[in-house]
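In what follows, a structure is listed as structure tokens, so that the remarks can point back to it.
The values are calculated or read from the model by the stated rules, or taken from the named source; none is laboratory data. Quick caveat: nothing in here was measured; it's all calculated off a predicted structure. Counting neighbours? That spans all protein chains shown, and the Cβs are built from the backbone with ideal geometry, glycine included. Each accessible area value is taken on the protein alone, full model and side chains, heavy atoms only, with ligands, DNA and RNA left out. Shrake-Rupley method; radii C 1.70, N 1.55, O 1.52, S 1.80 Å.
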Amino acid sequence: ADGASLNVSTTVPGLGRHLSFVATAGQNLGLGLRGMTQTPNSGYSNVVYVYKPDRTLLLQPVGCRVSDPDGGCQVNLTNLPQSGTYSMILIPGGGGTLAGTLTLSSDAIGTLASGLPTGVNLTRAGQNARYTFSATAGETAVVAITNLVTAPPSQLVLATVLKPDGTQQASQSSTATGLTMNLGALATTGVYTLVIDPYYGATVSMTVVKTP
């Protein structure tokens, strides 16, 4: 995690590629795949499997298509349940071979101060952001994102606000230059979390402000 990107490829048709990474329980990571190619280009998804240290499946297999923007794909590894060595297997679609670049990143973290614009820059493929802010019950809060720029351009970015107990308060996505989430009157006093999730392994920059 947070190291150099890794170029991966397979040479035997239908044969997958096995990789591993070390993580700790509770860690939030994002896996990005960029520049995927497939030979021959069958149109079938390449499939990513991720296994926990106990060798059970961490999440449902994720399909990644070379036809997606920049041959990109992302896999969110949220609140990992165990410490140890995780395994990942890439299986080329259609019985061919595949190639691409993998990047594994910790979520970017920070704190939003009320009314103060904050720059958020996710420069690694597949990286997500988690920015927290404190609020009191009954407060009517708004989270606004402006100056939103993605690479490749105009890619979908999902913004989700989580309550102090981890359940969802609000969620909104955009392919434009920004979005505004009116959170309404908050029911709970505590620390809320804004999660930014760019799709297709896109990188992104933006300005975030929470009011009041």
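Some points to look at:
- Residues being within 27 Å of Leu6 (Cβ to Cβ) and part of a strand (DSSP E or B) - total across the range 146-162: 5
- Test result for Val143, without any contact (Cβ under 8 Å) to a residue 60 or more places away in the chain and part of a strand (DSSP E or B): no
- Among (1) of a type outside the set (Lys, Arg); (2) within 22 Å of Leu116 (Cβ to Cβ); (3) surrounded by 13 or more Cβ atoms within 10 Å (Cβ to Cβ) - the single one Thr140 does not satisfy: (3)
- Scope the range 67-95; condition under 18 Å from the mean Cα position of the chain (by Cα) and in a loop (DSSP other than H, G, I, E, B); matching residues: Asp68, Gly72, Thr78, Asn79, Leu80, Pro81
- Any chance Gly94 is in contact with a helix residue (DSSP H, G or I) (Cβ under 6 Å, 6 or more places away or on another chain) and either of a type outside the set (Gly, Ala, Ser) or on the phi > 0 side of the Ramachandran plot (or both): no
- Taken as a whole, the condition of being open to solvent by 70 Å² or more (accessible area, probe 1.4 Å), at negative phi and at pLDDT below 95 applies to Thr11.
- Scanning the range 122-140 for residues that are in a strand (DSSP E or B) and within 13 Å of the chain's Cα centre (by Cα) yields a count of 3.
- Test: Gly35 is closer than 14 Å to Leu98 by Cβ and in a loop (DSSP other than H, G, I, E, B): no
- Some residue of the range 199-210 being among the hydrophobic types (A, V, I, L, M, F, W, C), loosely packed, with under 14 Cβ neighbours inside 10 Å and either free of Cβ contacts under 8 Å to residues at least 24 places away in the same chain or part of a loop (DSSP other than H, G, I, E, B) (or both): no
- Applying the criterion of being within 19 Å of Glu139 (Cβ to Cβ) and without any contact (Cβ under 8 Å) to a residue 40 or more places away in the chain to the residues of the range 173-187, the residue that is most open to solvent (accessible area, probe 1.4 Å) is Thr180.
- Residues in the range 61-107 that are under 20 Å from Gly3 (Cβ atoms), crowded, with 18+ Cβ neighbours inside 10 Å and small (Gly, Ala, Ser): Gly72, Ala99, Gly100, Ser105.
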